[in-house]
1. Could you check the range 128-151 and list, in sequence order, the residues that are in contact (Cβ under 8 Å) with a residue 40 or more places away in the chain and either among the small types (G, A, S) or surrounded by fewer than 16 Cβ atoms within 10 Å (Cβ to Cβ) (or both)?
2. Every residue in the range 96-110 that is crowded, with 20+ Cβ neighbours inside 10 Å and out of contact with any helix residue (DSSP H, G or I) (no Cβ under 6 Å at 6 or more places or on another chain), please.
3. For the range 83-93, indicate whether the set of residues that are under 18 Å from E60 (Cα atoms) and of a type outside the set (D, E) is non-empty.
4. Looking only at strands (runs of 3 or more DSSP E) that fall completely inside the range 84-136, which ones have 3 or more residues that are within 12 Å of the chain's Cα centre (by Cα) and either aliphatic (A, V, I, L, M) or farther than 16 Å from L8 by Cβ (or both)?
5. On the basis of being among the β-branched types (V, I, T), under 15 Å from the mean Cα position of the chain (by Cα) and surrounded by 14 or more Cβ atoms within 10 Å (Cβ to Cβ), does T10 make the cut?
6. Among (1) surrounded by fewer than 19 Cβ atoms within 10 Å (Cβ to Cβ); (2) farther than 19 Å from A124 by Cα; (3) modelled with pLDDT of 95 or more, there is one condition L68 misses while meeting the rest; what is its number?
7. Looking only at the range 61-100, count how many residues are of a type in the set (A, V, I, L, M), farther than 17 Å from V51 by Cα and either touching a residue at least 40 places away in the same chain (Cβ under 8 Å) or touching an Asp or Glu at 6+ places or on another chain (Cβ under 8 Å) (or both).
8. Can you name the condition, by its number, that K143 falls short on among (1) basic (K, R); (2) at pLDDT 95 or above; (3) more than 15 Å from S36 (Cα to Cα)?
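The values are calculated or read from the model by the stated rules, or taken from the named source; none is laboratory data. In this text, all values refer to a predicted model and were calculated from it rather than measured experimentally. For neighbour counting, all protein chains shown are included, and Cβ atoms are generated from backbone atoms with ideal geometry for every residue, glycine included.
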Amino acid sequence: MNTIFLGLGTNLGDRQQNLQRAVNSLAAGITITAVSQIFETIPWGVVDQPVFFNLCLAAETHKTPQQLLTFIKNLENEIGRIPTHRWGPRVIDIDILLYDNRIIAEPDLTIPHVHLAERAFVLAPLAEIAPDIAHPQTGRLVKEMLAKVEVQGIRPLPERQITIPVNF
């Protein structure tokens with residue numbers, strides 16, 4: 001089994017429902033072991049758009065990185081993601097943040113995620129479930145990376161919860 005960490009985000013429609021649907025769909029192909037609480041976050045990159053709901057999850061999988069990417073892209077399409085401009089609004093976005101301690105640089109897949117260390121909207125929920133995981137290239141822990149980024153505009157929403165489906 002391989003340990004993976006995924007980042008999920010949405011800023012269109014019923015954001016909590018979008019995240020729950022994504023988690024439910026992911027559970028059909030991977031074994032989810034932890035899910036952070038939902039964080040409301042200001043947009044990154046393109047700021048003139050609705051605020052996001054973000055979370056991170058940890059999981060185990062037998063899928064190769066490429067199989068996982070294909071699985072995720074198919075789920076995004078099923079949930080209703082429509083390609084727009086880079087960093088634009090979306091019903092769902094699922095990113096592979098980490099895959100074991102591997103470093104992968106392929107034309108369609110970069111692991112660890114290229115912007116992992118700069119994005120508070122990823123690091124805050126990731127630090128909740130995996131604060132002591134080290135970045136495979138820099139060796140910096142998630143909690144250390146989080147301490148180096150601006151967290152203004154990142155707010156946990158403890159009243160909103162995601163249910164982890166039971167895998168059979």
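1. A130
2. Answer for the range 96-110, where residues must be crowded, with 20+ Cβ neighbours inside 10 Å and out of contact with any helix residue (DSSP H, G or I) (no Cβ under 6 Å at 6 or more places or on another chain): just L98.
3. Scanning the range 83-93 turns up no residue that is under 18 Å from E60 (Cα atoms) and of a type outside the set (D, E).
4. Once the strands (runs of 3 or more DSSP E) in the range 84-136 are filtered for at least 3 residues that are within 12 Å of the chain's Cα centre (by Cα) and either aliphatic (A, V, I, L, M) or farther than 16 Å from L8 by Cβ (or both), what remains is 93-99.
5. Against the criterion (among the β-branched types (V, I, T), under 15 Å from the mean Cα position of the chain (by Cα) and surrounded by 14 or more Cβ atoms within 10 Å (Cβ to Cβ)), T10 qualifies.
6. Evaluating L68 over (1) surrounded by fewer than 19 Cβ atoms within 10 Å (Cβ to Cβ); (2) farther than 19 Å from A124 by Cα; (3) modelled with pLDDT of 95 or more leaves (1) as the failure.
7. 8
8. Answer for K143: the failing condition is (3).
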